[in-house]
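Just so it is clear, none of the values below were taken in a lab; they were calculated from the coordinates. Worth saying up front: this structure is predicted, and the values here are computed from it rather than measured. Cβ sites come from the backbone with ideal geometry, for glycine too, and all protein chains shown count toward neighbours.
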Amino acid sequence: MKITVSINLGGFSFNIDEDAYAELKRYLKNLELHFAGEESSSEILSDIESRMSELFRSKLTSYKQVINIGDVSDVISIMGNPADFSDNDGPSPKEKFSTPGAHRMYRDPDKRIIGGVCAGMGAYWDIEPWIIRGIFIALVMAGGLGVLVYLILYVVLPEAKTTAQKIEMKGDPVNIHNIKDSVKKEFDTVRKNMKL
């Protein structure tokens, strides 16, 4: 018999074993200490918690309703440890975590002109969005098929709203290093736009 604890992680409630809770709490505290010097630390930690919440939800089924120590260890191995990202002369975090992540197609809200379909397809295939836009324009000129295809893709493709989805759209692994880089990039963009 084990004691379970109810926690709120990334806006979702989870039941978690007591030993798994201790490990998760230690991990989150290490992350908090690691990112304490960053000015966007609260956003980084919030996005990390959201991603961890997604991973924990994928581990629950109708028969398994409690997160255990194995689940926490799996999520930590996916996300990476703060010690792996220290600024020493070893291999870079990109080299350590170069295994590709889930690669999904989304609409890109950051680089969109109309609905983000072309920008999302460009991010997915790692090509410039203007090439995709050119193809759609050519299809429109060739009989209007481009409009129909664009509308179907607009309905079918979800918009990349979270940081994790924006990272998945590019095919990068969703770990603490990539989340940190993405949040810092967004933070710098907002700051630059506010100065204009």
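Nearest 20 debye, what's the magnitude of the dipole of segment 2-52 about its Cα centre given +1 on Lys and Arg Cβ and -1 on Asp and Glu Cβ?
Values: 5 positive and 10 negative charges, 40 e Å.
Computed about the Cα centre, the dipole is about 200 debye.
Calculate the dipole size of the chain relative to its Cα centre from +1 charges on Lys and Arg beta carbons and -1 charges on Asp and Glu beta carbons; express the result in debye to the nearest 20. Could you put the intermediate results ahead of the total?
Numbers: 24 positive and 27 negative charges, 130 e Å.
The calculation lands at about 620 debye.
Report relative contact order for the chain in percent, whole number only (criteria: Cα-Cα under 8 Å, sequence separation at least 6).
Details: 236 pairs, mean separation 41.7, N = 196.
In percent, rounded to a whole number, it is 21.
Express as a percent, rounded to the nearest 5, the fraction of DSSP beta bridges in the chain (both residues included) that run antiparallel.
Percentage antiparallel, nearest 5: 65.
Please give the length that would be gained between H103 and K29 if that part of the chain were fully extended, namely 0.36 nm times their separation in residues minus their C-alpha to C-alpha distance (nm, one decimal). All intermediate terms of the calculation are to be shown ahead of the outcome.
Values: separation 74, 0.36 × 74 = 26.64 nm, distance 2.97 nm.
In short, 23.7 nm is gained.
Which angle between 0 and 90 degrees, to the nearest 10, do you get for helix 41-59 versus the longest principal axis of the chain when only C-alpha atoms count?
Roughly 90 degrees, rounded to the nearest 10.
Counting pairs of alpha carbon atoms under 8 Å apart in space and at least six apart in sequence, what relative contact order in percent does segment 117-156 give?
Working: 28 pairs, mean separation 12.2, N = 40.
Relative contact order for segment 117-156 comes out at 31 percent.
Taking +1 at the Cβ of each Lys and Arg and -1 at the Cβ of each Asp and Glu, which of I131, S6, I176 sits farthest along the dipole of the chain towards its positive end, judged by Cα position relative to the Cα centre?
Farthest along the dipole direction, towards plus: I131.
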